[in-house]
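The values are calculated or read from the model by the stated rules, or taken from the named source; none is laboratory data. Since this is a predicted model, take the numbers as computed values, not measurements. Counting neighbours? That spans all protein chains shown, and the Cβs are built from the backbone with ideal geometry, glycine included.
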């Protein structure tokens, strides 16, 4: 029988947050997991039954070709991101271009390509932002700037797509126990128990997706129970 479940597409599906989101949504949705690591994608497919796209989402031509194969879309989750700390002093034009390509341009382009499908279902678009999207993160000018830009993108998209009843959400997790965070903190200072679990971020995505049809949750901050740094 055809799969009649709603369709969710998740980028960054092999990252800590993305894979947790795929696992959670797979209980109720046909999930398309998008990432670049073949082995991890195959493992996620075996575990969850997700369809997989091995794809660099900054490749606009490849992205358009894949989106062209979709027959519908109900939920779009932008979880792919480049992290790390780069100050204005340290960053070079190539760094700015690389960060903006993945953290801002790719989600904007994927959203543009899927808008007709999302309009048809009055779908939900979730941008995984950061506390850095509203507050400065010392020593991290490039990442912070892209997360500010991503929130601005979401805020304008929400207004523009209101006639089509598309829900647009910025979900901003604090420090979360992922490989990205581990790459930013010295091993001897890393305290995994103090950080948000990726599964908790996935639970917040579920809360947004399952919101009643008469509402949208526009901004959702997910913070550690005990604050570590107020970004």
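Couple of notes before you dig in:
- All of 46, 81, 132, 33 fail the test of being modelled with pLDDT under 95 and closer than 23 Å to residue 206 by Cβ, apart from 81.
- Condition met for residue 28 (modelled with pLDDT of 95 or more and either closer than 24 Å to residue 116 by Cα or surrounded by fewer than 20 Cβ atoms within 10 Å (Cβ to Cβ) (or both)): yes
- For residue 144, the stated conditions hold: it is under 16 Å from the mean Cα position of the chain (by Cα), buried (at least 17 other Cβ atoms within 10 Å of the Cβ), assigned to a helix (DSSP H, G or I) and at pLDDT below 95.
- Residues that are in a loop (DSSP other than H, G, I, E, B), touching a strand residue (DSSP E or B) at 6+ places or on another chain (Cβ under 8 Å) and surrounded by 15 or more Cβ atoms within 10 Å (Cβ to Cβ), drawn from the range 62-104: 73, 74, 79, 80, 81
- Per-region count, the range 147-166, residues more than 25 Å from residue 180 (Cβ to Cβ) and either free of Cβ contacts under 8 Å to residues at least 60 places away in the same chain or within 15 Å of the chain's Cα centre (by Cα) (or both): 9
- Selection within the range 4-24 - farther than 15 Å from residue 206 by Cα and part of a helix (DSSP H, G or I): 16
- Looking only at the range 44-61, and only at residues there that are more than 17 Å from residue 7 (Cα to Cα) and touching a residue at least 24 places away in the same chain (Cβ under 8 Å), the one that is surrounded by the most Cβ atoms within 10 Å (Cβ to Cβ): 57
- Tally, over the range 111-135, of residues that are closer than 21 Å to residue 88 by Cα and touching a helix residue (DSSP H, G or I) at 6+ places or on another chain (Cβ under 6 Å): 4
- Search result, residues across the range 113-130 that are surrounded by 21 or more Cβ atoms within 10 Å (Cβ to Cβ) and either more than 16 Å from residue 82 (Cβ to Cβ) or free of Cβ contacts under 8 Å to residues at least 60 places away in the same chain (or both): 118, 123, 124, 125, 126, 127, 129
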